[in-house]
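The values are calculated or read from the model by the stated rules, or taken from the named source; none is laboratory data. Keep in mind that this is a model prediction, so the values were computed, not measured. All Cβ positions, even for glycine, are placed from backbone atoms using ideal geometry, and neighbour counts span all protein chains on display. Each accessible area value is taken on the protein alone, full model and side chains, heavy atoms only, with ligands, DNA and RNA left out. Shrake-Rupley method; radii C 1.70, N 1.55, O 1.52, S 1.80 Å.
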Amino acid sequence: MYDNTFSDEDWPVRVGTMSGWARERGVPASRRGQLAALRREIKASAIAARDGRPVITDLYALGIEPVKSHLRAQVYAESQGFTVAQRFSDPYGPADPTLRAGWVAMCKHVAGGFAHGIVVVGASDISSDLDELEFTLRWAQEHGAFVDLVLAHLPASDSRQSACRGRR
């Protein structure tokens, strides 16, 4: 599907997210950090290339109820000053995103120049494999686009605080 050849600070870190799984599997923090830096660099470059023209993004969600994810991604995209073009989703799918119909349709939309970015809630909507994420980032870059994540880094809890605020 891809016609050409993806932080600790940015990747979500809770269970069920890309970084959460990576941490559990022992992926070095430096690898996650490299991918986060690459994602930020590609995003900045793609936006700069727009030279003040509107940045149009597509939204993608993986799950049986994509409406909430799309809404969350739309609110984020608009807060970044992006214009939302289309919403794509797959109710479920194989680990390889290129085997999902919604993902393939969205990538064709981006490759056709109709969108300059892809916004997803978390990296796990794309893949839980770091190599696949890097491949996706680089694919977007080759098409003058970027991948952006709604979920930012969640700070590790302070050992002096309990799980509930207000309780000490």
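Annotations for the structure displayed:
- Scan the stretch 76-91 for residues that are touching a Gly at 6+ places or on another chain (Cβ under 8 Å) and either surrounded by fewer than 20 Cβ atoms within 10 Å (Cβ to Cβ) or not small (Gly, Ala, Ser) (or both) and the total you get is 4.
- In the set (1) modelled with pLDDT of 90 or more; (2) surrounded by fewer than 20 Cβ atoms within 10 Å (Cβ to Cβ); (3) of a type in the set (S, T, N, Q), Thr136 fails one condition alone, (2).
- For the stretch 26-33, the criterion of being modelled with pLDDT of 95 or more, surrounded by 14 or more Cβ atoms within 10 Å (Cβ to Cβ), of a type in the set (D, E, K, R) and under 15 Å from the mean Cα position of the chain (by Cα) is met by none of the residues.
- Residue within the stretch 151-168 that is hydrophobic (A, V, I, L, M, F, W, C), within 20 Å of Arg39 (Cβ to Cβ), at pLDDT 95 or above and open to solvent by less than 60 Å² (accessible area, probe 1.4 Å) present: no
- Against the conditions (1) more than 13 Å from the chain's Cα centre (by Cα); (2) open to solvent by less than 10 Å² (accessible area, probe 1.4 Å), Leu99 satisfies every one except (2).
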